[in-house]
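The values are calculated or read from the model by the stated rules, or taken from the named source; none is laboratory data. Since this is a predicted model, take the numbers as computed values, not measurements. Virtual Cβ from ideal backbone geometry, glycine too; neighbours counted across all protein chains shown.
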Amino acid sequence: MSVITAADSTFQKEVVDASCHRLVAVEFSTKGKVSKRGDQNASARMDAIFDALEEKYAEKVSLIRVEIELDSDLKDSLNPVTSNEYEINHGPTMVFFQGWQKSTGRPCRAANQGADGASAG
């Protein structure tokens, strides 16, 4: 396997929903991988580390990459919904997800239960 690349359109499924079943580590990585000096930037170096972690821990953790491209106002043009939702203003940035549904504000195991704890479905 390799690191999965997610976008605004797939983030809910690839990250949030998947976090109900296992730990998900997300690397927000800048699209450009070369610094102004011509060497690898921090995102390029973190990409290599993240790829190596995926090889070693794929059975335990889902590793997902979201590419971002920030303008001078730190607004992302590639995945603006996701980067804004999680307040990403620099790459690389790591965010970990496990067992929480942002849409309901409850842990995954309680997402299908009513206020009294009874199953809603």
- Quickly run through the stretch 1-31 and pick out the residues that are more than 9 Å from the chain's Cα centre (by Cα), surrounded by 14 or more Cβ atoms within 10 Å (Cβ to Cβ) and small (Gly, Ala, Ser). 18, 19, 29
- For residues that are touching a residue at least 40 places away in the same chain (Cβ under 8 Å) and among the hydrophobic types (A, V, I, L, M, F, W, C), scanning just the stretch 58-79, find the one that is surrounded by the most Cβ atoms within 10 Å (Cβ to Cβ). 66
- Within the stretch 43-54, identify whether any single residue is of a type in the set (Lys, Arg), out of contact with any Cys (no Cβ under 7 Å at 6 or more places or on another chain), more than 25 Å from residue 99 (Cβ to Cβ) and modelled with pLDDT under 90, and answer yes or no. no
- Output for the stretch 33-57, where each listed residue is over 18 Å from the mean Cα position of the chain (by Cα) and either of a type in the set (Gly, Ala, Ser) or outside any loop (DSSP other than H, G, I, E, B) (or both): 34, 35, 38, 40, 56
